[in-house]
1. Once you treat every alpha carbon in segment B:6-65 as an equal point and sum by Debye, what is log10 I(q)/I(0) at q = 0.14, 0.19, 0.27, 0.30 Å⁻¹?
2. Given q = 0.11, 0.21 Å⁻¹, what are the Debye log10 I(q)/I(0) values for segment B:79-155, with equal point scatterers placed on the Cα positions and solvent ignored?
3. Report the percentage of all Cα-Cα pairs in segment B:57-108 whose separation exceeds 13 Å, rounded to a whole percent.
4. Could you calculate the contour length gain from A:D386 to A:N147, that is, 0.36 nm times the residue separation minus the distance between their Cα atoms, to one decimal place in nm?
5. Along its three principal axes, how long is segment A:74-141 when you only count alpha carbons? Whole Å, largest extent first please.
6. Write down Rg/Rh for segment A:220-280, rounded to two decimals, with Rg from the C-alpha atoms and Rh from the Kirkwood relation over Cα pairs.
7. Kindly provide the pair-distance distribution of chain B built from C-alpha pairs, with 5 Å bins from 0 and whole-percent values in order of increasing distance.
8. Anything in chain A that counts as a DSSP H helix reaching 27 Å or more along its axis (C-alpha) with Kyte-Doolittle mean of at least 1.6? List them, would you?
Amino acid sequence: MSDSEFKPVLLGRVGRPNSQSLESYKADGGYKALAKALSMANTDVIETVKASGLRGRGGAGFPTGLKWTFLPKDINGPVYLCINGDESEPGTFNNRVLIEEDPHQVLEGIVISSYATRTTTAYFYLRYEYGRCYRVLKAAIDEMYANNLLGKNILGSNYSLDIHLHRGACAYICGEETGLIESLEGKRAWPRIKPPFPAIEGAFRRPTVVNNVETMACIPHIIERGPEWFMTMGIPKDPNNPRDAGSYGPKLYCISGHVNKPGLVELPMGITARELIDKHAGGVWKGRKAKAVVPGGISMGFMSEKELDTPLDFAGPGRVGCLGLGTAAVIVIDDHTSMVDVLYNACRFFAHESCGQCTPCREGTAWSTKILERIREGRGKLSDIDLLLEISSSIGTIPGSTICGLADGAAWPMKTAINKFRPEFEEYIKSGRKSESRQLAGAH
Amino acid sequence: MSELSPNAKKVIEEHIDRYPSKQAVTLPALHIVQEERGCVSNKAMKEIAEILELSPAQIHDTMSFYGFFRTEEDPLGKTRVWICRSLPCMLRGGEELLSELCERWGIQPGGTTTDGKITLELAECLGACDGAPCMLVNDELTLRVTADDVEKQVRGVQ
C-alpha cells in the first residue's frame with residue numbers, strides 16, 4: 001500500500017462533529033468489534049491479535065498478543081489490565097490526541113483486551129497534565145456504564161468489567177510499567193526488579209498486563225477487519241533475521257521542533273524520516289536544513305542529516321545507532337542549533353526525571369548534566385567528551401547497572417550526539433565560548 | 001479541628017472500593033487535599049493515613065517522591081502555571097518564555113507572586129509538542145503561547 005492510498009485508521013474520526021460522543025462513535029460502526037470479540041472465545045481474541053503482528057506502541061515494541069499469553073493459564077482470582085497513559089517522553093503527544101478526539105476507540109480496545117486477558121478490573125493510569133483527557137474519558141466511561149458497555153454482563157454476555165481512571169502526579173518514571181504499578185499502588189514510582197514480570201506478579205501482586213493507549217486503539221480494528229488486513233500495512237519481517245518480528249499496521253508519528261507544520265500524522269509503519277519531514281510536516285522551517293533528528297522520543301538518541309532516509313519502523317533507527325523506534329516522536333533540529341545546547345537539554349531532562357533508586361542512573365544523569373553546564377559556561381575540557389561517553393556506556397540495563405531503562409534513554413542521546421557530532425563539541429570547547437541559549441541552569 | 005473537609009473525606013472514602021488495597025488511594029487522596037487547600041499539611045497527611053489505615057510516614061514517603069505536591073511551608077498560589085522546557089519546546093522558545101515570565105513576575109521557577117495569585121513552575125514535556133512552546137494552567141493545556149498570551153490568560157492583563 002502506498003502512502004497516498006492510505007486512509008487514516010486510528011485518526012479516521014478526528015475532526016468529526018462530536019467525535020467524542022458514544023452516539024457518533026456508534027454511528028460510525030463503533031462497538032461492533034466488541035460485540036464480535038464477546039462472541040469469540042477469549043483465547044481466539046488473543047490468537048487474532050497475535051496473528052496481526054501488533055507490537056506495543058509505547059516504546060519497547062513488544063508483541064502485544066504474546067505479552068497476553070504470558071499470563072498464567074489457570075488463574076484463580078483477579079487479573080489486572082493497566083493502561084499506560086502516562087505519555088511523557090519528550091516529543092510524544094499521540095495518546096493525548098487519541099483520547100481527546102476519539103475516547104471510545106481507546107475504551108473499546110480496553111474492553112476487548114480486558115476480555116481477552118480475563119481482566120475484570122482495568123486501571124487507566126493517566127498523567128495528571130492531561131486534564132482535558134481526564135474529563136473526556138470520565139464522560140465517555142459514564143456513557144458506557146449507562147449503555148451496558150461496562151459494568152455487569154456487557155452487551156448481554158457473561159462478561160463484566162470495571163474501568164477506573166487513576167491520575168498520576170507529574171513523574172516521567174511512571175511510564176515504566178513497574179514504576180506505573182508501584183505508583184498505582186500508592187507508593188514511590190520505583191521500578192521493580194524483573195523477574196517476576198507483571199504477567200506473573202504485577203499490580204497488587206496479581207497477574208497484570210500493562211498496555212499503551214495507542215496499542216489499545218489498534219485492537220478494535222484488528223478484531224473487526226482481521227489480522228491479514230493489519231498486515232497489509234507496514235514493513236514485513238526480515239526473512240534473514242529470525243529475531244525480527246516485523247513492523248505491521250498504521251502508526252502515529254508525532255512531529256515537532258523546527259518544521260513548518262508540527263503535528264500528528266498517521267501512516268503505514270516504515271516511512272523515512274526525510275519523507276515525513278518534507279511531505280508531511282512542510283519541511284524544515286525558515287528554509288534551513290536539518291542538522292539532527294530524534295526518531296522516537298529523546299531517549300532514542302539522534303540521527304544525522306545523512307541518516308534521514310532511514311525507515312521509521314521498529315528496526316530502522318537501530319541500524320543507524322539509535323536505541324530504537326521508541327514512541328515514533330520525531331523531533332527536528334535545524335542547522336542553526338548547537339548540539340551542545342540540545343544535549344544539555346536532554347541530559348537535564350533525565351537528571352530531573354531519574355527516580356533516584358539506582359546509583360549509576362541518579363549520579364550519572366546528574367554528573368553528565370553538570371559536565372555540559374561546565375562546557376556551556378566556557379569552562380569545558382576536551383577530556384569531558386570522553387568522560388561523557390564513559391558515563392553513557394556505564395549506566396542502564398544494557399551495561400546491566402540499573403533496574404529499568406531510564407538510564408539507557410539518558411545514555412543514547414549522549415552516545416549519538418558525541419559520536420555523530422564530535423567535531424562540534426571539540427570546536428565548542430576549544431573556543432571557550434559561553435552558550436547563547438537562555439536555558440536556565442539549576443532547578444534540576 | 002479536622003484539616004480535611006467533610007467533602008474531601010467523603011470523596012477519599014468513595015475511592016476505597018476501586019482498589020484491592022487502601023494504600024492505592026494515596027495519590028487520589030493527595031490530589032483531593034491539594035486541590036482543596038493548595039498544599040498537603042502534616043496534619044492532613046496524618047488524617048489521610050488514618051482513613052487509609054497507613055502510617056503517616058507512608059503517606060509522606062509517597063508524597064515526597066512526586067514533586068507535584070506541596071507542603072504547608074510552601075503552598076501553591078491560586079493559579080498554577082507550568083511552562084514546558086523540554087527539547088521540542090526549547091527549540092521553539094520555551095526557555096525564553098520561562099525566563100521572560102520569571103522577569104515579569106519577579107519570581108523564580110517554583111515561586112509564587114507576592115499577592116499569592118500565581119505559582120510559576122518549569123515543566124518537563126507536557127505532551128503538547130505540536131504546539132510548542134506550550135503551557136499548562138492548573139490541568140488545562142494551551143498550545144503556542146507567548147508571554148503576552150500567558151499574562152492575558154492568567155492575569156487578565158491585555
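Rule-based calculations on the coordinates, nothing more; no lab input. These figures come from a predicted structure and were not determined experimentally. Backbone-built Cβ (ideal geometry, glycine too); neighbour counts: all protein chains shown.
1. Taking Cα atoms of segment B:6-65 as identical point scatterers yields -0.31, -0.58, -1.23, -1.49.
2. Normalising to I(0) and taking log10 leaves -0.22, -0.82.
3. Numbers: 934 of 1326 pairs.
Of the Cα pairs, 70 percent sit more than 13 Å apart.
4. Numbers: separation 239, 0.36 × 239 = 86.04 nm, distance 6.13 nm.
Stretched out fully, the A:D386 to A:N147 stretch lengthens by 79.9 nm.
5. Here the spans come out as 41, 24, 16 Å, largest first.
6. Values: Rg = 14.1 Å, Rh = 13.2 Å.
For segment A:220-280, the value is 1.07.
7. For chain B, the pair-distance distribution reads 2, 9, 17, 18, 15, 13, 11, 9, 5, 1, 0.
8. Working: long enough: A:406-431 (33 Å, -0.52).
What comes out of the filter, once short or polar helices are dropped, is none.
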